[in-house]
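Below: one structure, written as structure tokens.
Derivation of every value follows stated rules applied to the coordinates shown; laboratory data play no part. No experiment lies behind these values; they were computed from the predicted model shown. Glycine also receives a Cβ, built like all others from the backbone with ideal geometry; neighbour counts cover every protein chain displayed.
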Amino acid sequence: LINVRTDQGFAVNPTLATCLNNPVQLQASGGDLYSWTPAGSLTDPTIANPDANPLTTTNYTVNITDTICGLTTSLTTTVQVKPLPVIVASRSNDIDCSISNSRLNANGGSSYRWTPASSLSNPQIANPLATPLVTTTYVVTGSDGFGCSNKDSVIVKVSADNKALYQMPSAFTPNNDGLNDCF
């Protein structure tokens, strides 16, 4: 009895794209021995489907061997590494007795998510209005069109500055000059 083994065909995945620091899985098939190069950014260069986490766009070559039929081939694929967006967070001002809110601002991405969200007018926009009652660090995660994301943070300080120690008649209306603006 003779068993004829059909050609399983050697294959490797097409070009993959990923964000920096986001591993992707390479795929090769058709053999029973695999050897990937360069090996430094792979979880295991001797398996068919290692995870790759390169710092820059990298071409990977896999040597595939079918030991039963004695066939060997080398195939190449590419992992394109997209850079992370540079997200910058800022605030318009700190909060005191005369200024009750601060406008946050983020740039560098195409969509944003701020935390903590409870004291924000809308945590899903680039420039929400913040009204914290205590000093708060806001963290914004910004994403670009490819889906890569990065973070930055900004602190909004809350103080009792400009708070008068006595009640003032309402006829003395504050004029935002920092004197007697809170009472």
Phi-derived 3J(HN,Hα) across region 39-50 with the Karplus relation (6.51, -1.76, 1.60, θ = phi - 60°), rounded Hz, x for Gly and Pro, is 8, x, 9, 10, 5, 7, x, 10, 10, 6, 9, x
Region 77-132 and region 53-68: distance between their alpha carbon centers, rounded to Å:
40 Å
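Extension gain ILE68-THR46, at 0.36 nm per residue separation less the Cα-Cα distance, in nm?
Numbers: separation 22, 0.36 × 22 = 7.92 nm, distance 1.78 nm.
Stretched out fully, the ILE68 to THR46 stretch lengthens by 6.1 nm.
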Once label points are set 7 Å from the Cα along Cα→Cβ at both LEU16 and SER153, what is their separation, rounded to one decimal in nm?
3.2 nm
Could you give the length gained on full extension between SER98 and THR115, defined as 0.36 nm per residue of separation minus the Cα-Cα distance, in nm?
3.6 nm
